[in-house]
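What follows is a short report on a single structure.
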């Protein structure tokens, strides 16, 4: 049995959800009453976001790589970053990591491909929506990623950082996000939506009336980690 290491706290709300999802997925596949071996390293969200906002990506890499090394020293056999935004430097971290890492972006791309979707929207932080790390992975599979207009990106980012990462989930924010989904459906003809922020599913996971699938990257990532744990 492989021990999973999680870089969490980015943000705490979704780290709790990762733990729940991983335990549940593991127990579905191992109905013998056992539980999965997991090590969580909860890091400073503010420090990471400040570095990213300042475009100090080499420092982001060094910071997260140091935290991954702590997981390796603690006995983790493989790991993951429990958030989308830090995947802006995932390839650099993966290249230097002492343990294999499971990418949330690769996992989301595989799930999108399995649904045979070719044109999907992407919600997340400003760094995720404006970054190239999602588009680069998806384009290699012939999948087009559509992001909202800049004004809508700012709305999503501000709500994400001021509310969702702090565990605040408001009906009015939900409706605001769904209005942007409807615009993307009408104007860009998206076939699905990538919830590219691990707090977004906490607000939108039960949406069933928009006529397109919402891909929960937290759940997808967690289930991929369990598959690797049991492989």
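Summary of values
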quantity: Lone qualifier among 195, 177 - being under 16 Å from residue 205 (Cα atoms), outside the structural domain of residue 48 (by TED's automatic domain parsing), surrounded by 21 or more Cβ atoms within 10 Å (Cβ to Cβ) and within 16 Å of the chain's Cα centre (by Cα); calculated: 195
quantity: All positions within region 72-103 that are over 16 Å from residue 60 (Cα atoms) and either without any contact (Cβ under 8 Å) to a residue 12 or more places away in the chain or surrounded by 15 or more Cβ atoms within 10 Å (Cβ to Cβ) (or both); calculated: 72, 73, 76, 77, 78, 79, 99, 101, 102, 103
quantity: Per-region count, region 21-39, residues surrounded by fewer than 16 Cβ atoms within 10 Å (Cβ to Cβ) and over 12 Å from residue 226 (Cα atoms); calculated: 4
quantity: Residue within region 104-112 that is more than 17 Å from the chain's Cα centre (by Cα), surrounded by fewer than 19 Cβ atoms within 10 Å (Cβ to Cβ) and modelled with pLDDT of 95 or more present; calculated: no
quantity: Counted residues, region 149-160 - those being in contact with a helix residue (DSSP H, G or I) (Cβ under 7 Å, 6 or more places away or on another chain) and within 13 Å of residue 196 (Cα to Cα); calculated: 3
quantity: Any hit, region 6-23, residues being without any contact (Cβ under 8 Å) to a residue 60 or more places away in the chain, more than 17 Å from residue 218 (Cα to Cα) and not in a loop (DSSP other than H, G, I, E, B); calculated: no
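The values are calculated or read from the model by the stated rules, or taken from the named source; none is laboratory data. Owing to the predicted nature of the structure, the values given are computational and were not obtained by experimental measurement. With ideal geometry, Cβ positions are generated from the backbone for all residues, glycine too; neighbour counts draw on all protein chains shown.
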